[in-house]
Every structure is written in structure tokens, then in C-alpha cells.
Amino acid sequence: MLSRLPAAALSKQGALAAARASSLRSATRSGPVRFASSDAASSNAFQTALNSRVTLASATLLAAGSVAWYTHLYGSLPFIGEVHASSPAEDGLHPPSYPWPHKGLLDSFDHASIRRGYQVYREVCAACHSLDRIAWRNLVGVSHTVDEVKAMAEEVEYTDGPNDQGEMFQRPGKLSDYMPGPYPNEEAARASNAGALPPDLSLIVKARHGGPDYLFSLLTGYVDPPAGVEVREGMNYNPYFPGGAISMPRVIFDGLVEYDDGTPATTSQMAKDVTTFLNWAAEPEHDERKKIGIKAVVLFSALTAISLYVKRFKWQVIKNRKIVYSPPVDKGH
């Protein structure tokens with residue numbers, strides 16, 4: 001029967017069979033190759049994400065931030081040893097955290113407490129400790145009126161000059177003068193305190209770990225030494241002070257001062273007030289800084305919202321447009 005078919009028909013049938021076979025082979029080849037290419041693309045995308053600088057920077061920041069936050073909370077890392085010349089107990093008892101009225105992000109100082117704290121400082125602390133960085137004018141509008149501060153400043157005699165004759169002279173204090181210290185120089189301060197130098201209290205809250213919590217705990221933490229602890233003569237035991245032995249005796253007792261506003265002058269109340277005053281002395285711009293911070297947050301939030309709206313308005317047309325390619329039509333056919 002095949003012998004009866006013409007040669008052209010046989011060649012045509014052979015070409016069709018060859019085309020079908022080649023299409024089947026290409027289909028069988030393309031199947032696994034297509035899957036392999038999709039897997040390769042996904043793996044390449046994953047490798048690119050891992051090797052990108054943004055991913056590495058994010059991982060580094062996350063790790064560094066976690067370590068810094070843990071160190072801030074607990075002081076040291078558990079898997080890194082520390083070398084100390086002294087035992088950790090000699091660093092002093094860690095003070096508890098107290099709910100100070102100015103501790104919040106939007107909270108300000110208790111100015112009535114600042115006024116009472118200045119009274120405690122003036123009647124108790126000023127006998128040994130100076131406040132070199134605070135001028136009389138800093139109290140105006142914070143705890144006292146202008147007339148009150150002028151009257152307090154005029155009670156102190158300051159050396160000024162020279163005058164027309166070239167001589168130094170004494171004059172009453174002015175608002176621009178800084179608060180006087182109890183001793184004329186460091187040697188006189190050491191001689192009056194058995195060799196110990198009373199620190200200046202202008203930045204004492206910022207200079208001590210724990211800040212106001214440490215200062216309040218120190219003022220109220222005087223107790224008898226426990227069994228087995230010996231304190232030298234002339235020293236006093238306070239577990240919050242590094243080493244436990246402090247040369248400053250307990251100076252705050254119930255009823256030591258008489259507040260003008262009638263507040264009971266208990267030990268804890270006086271310690272709280274003088275700590276608040278010294279906290280303000282270390283950071284007089286505290287309240288103003290928070291006011292400016294609130295204004296800055298409101299302003300930059302509004303600017304951010306406006307910027308996002310303008311960006312969306314300007315780029316919406318460009319990002320939503322569609323580019324369509326219309327191939328040329330051959331007019332010859």
C-alpha cells in the first residue's frame with residue numbers, strides 16, 4: 001500500500017512525524033528546566049537579600065542595640081568576665097528607683113520642692129558644700145521672685161574692684177553673682193574636714209551613678225554597721241556609698257528646718273526636696289528643653305504629614321501611568 005503512495009506524500013508525512021517528535025522532546029526538556037530556573041531564581045533572591053548591605057547593617061544594629069540595652073539594664077554581660085581590683089560589694093548598694101515627679105517625658109520639676117530644697121541646702125548643706133555653677137539670677141522665676149533673690153544676694157559680701165584708687169572693696173551681692181562657697185580655697189576645705197574635700201554640688205546628680213535615686217538613698221541610708229564590718233574612727237557607715245564608709249555624718253534629721261509653706265520637715269521630705277533642688281541645679285534647662293521638645297515633635301509631625309501628601313500628589317501620576325507598546329503595522333499585506 002505504501003508503494004502506491006506518491007513520493008511527495010511520503011516526504012510530507014515524514015516531516016510531520018519528525019516535527020511532532022521534536023516538539024515532544026522539547027516539551028519534555030523544557031519542563032524540568034523551567035522548574036530548575038524558578039528554584040534558581042528564588043535561591044538567588046534569597047542569597048541577594050542575605051548579602052545586601054541593608055540586611056547586614058540591620059543585623060549589626062540589632063545585635064549592638066541588644067547588647068547596649070542589656071548592659072544599660074544590668075551593668076555587664078553574663079558571658080564576658082570582668083576584672084575588678086575590688087569586690088562588687090565595695091561599689092556600694094544599688095539604690096532603688098523612686099517615682100520622681102519630673103521623671104516622665106512630659107513632666108516638669110516640682111518648683112515648690114525646689115524652693116524647699118534650696119532652704120535645706122542653705123541651712124544645712126551650704127556649711128560644707130559649694131554650688132559654684134549657680135548664680136542668684138538662676139533662682140528668679142524658678143523658686144523665688146526677683147525681690148526675694150535680690151534680698152538674699154545682698155546678705156552676702158563680695159570682693160570687687162579695683163576702685164579709682166586701685167584698691168579692692170567689699171560690696172553687697174547682685175543677681176549676676178554666683179553663690180559663694182563655704183571655704184576660700186581647697187586647702188581650707190580639707191583642713192576643716194579632716195583631709196576630706198567636700199565636693200561641689202552643682203553637678204553632683206549627674207556625676208553619680210543613679211542620679212537622684214543615689215543621692216536620696218545616701219541621705220536617708222545611714223545605719224549602724226552590720227556584724228563583722230569595722231568602720232574607722234571619724235567615718236560613718238552608709239551602704240549606698242562605695243566602700244560603705246563615708247566621712248560625712250548624717251546631717252538631716254526630723255524637724256531640722258522649718259518650711260515656710262508648713263510642709264512637715266521629715267527626714268525623707270527634706271532629702272527629697274534637696275535632691276530635687278540639686279537635680280534642677282545640674283540641669284536648669286530641664287523644663288524648657290521639654291517644652292521645646294513638645295513643640296518640635298508637633299512641628300516635625302505636621303511637616304512629615306505634609307511632605308508625604310505632596311510626595312504622593314506629585315508622584316501618583318508618574319507611578320500609576322502605563323506604558324503600552326504598539327508595534328508598527330506592515331501596510332504591505
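The values are calculated or read from the model by the stated rules, or taken from the named source; none is laboratory data. Just so it is clear, the model here is predicted, and its values are computed rather than measured. All Cβ positions, glycine included, derive from the backbone under ideal geometry; neighbour counts span all protein chains shown. Accessible surface areas use protein heavy atoms only, side chains included; no ligands, DNA or RNA. Shrake-Rupley method; radii C 1.70, N 1.55, O 1.52, S 1.80 Å.
Some values worked out for this structure:
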| quantity | calculated |
| --- | --- |
| Using a Förster distance of 45 Å, the FRET efficiency for residue 64-residue 258 (Cβ separation, nearest 0.05) | 0.25 |
| Per-pair calculated FRET efficiency, R0 = 25 Å: residue 142 and residue 185 via Cβ, rounded to 0.05 | 0.25 |
| Potential extension, residue 152-residue 48 segment - 0.36 nm per residue separation minus Cα distance | 30.3 nm |
| Sulfur and carbon atoms: percent of accessible area, the stretch 175-242 [1.4 Å] | 53 percent |
| For residue 293, net neighbour charge (Lys/Arg +1, Asp/Glu -1) across residues whose Cβ lies under 14 Å away | -1 |
| Mean Cβ count within 10 Å, highest first, over the residues of peptides 269-276, 284-291 | 269-276, 284-291 |
| Listed peptides 197-209, 169-181, 221-233 by packing density, highest first (mean Cβ within 10 Å) | 197-209, 169-181, 221-233 |
| Per residue, in Å², the accessible surface of the stretch 128-221 once ligands and nucleic acids are set aside, probe 1.4 Å | 56 Å² |
| Förster radius 41 Å - calculated FRET efficiency between residue 98 and residue 196 (Cβ-Cβ, nearest 0.05) | 0.90 |
| Extension gain from residue 112 to residue 311, taking 0.36 nm per residue of separation minus the Cα-Cα distance | 66.7 nm |
| Residue-count net charge about residue 212 - beta-carbon cut-off 11 Å; Lys, Arg +1, Asp, Glu -1 | +2 |
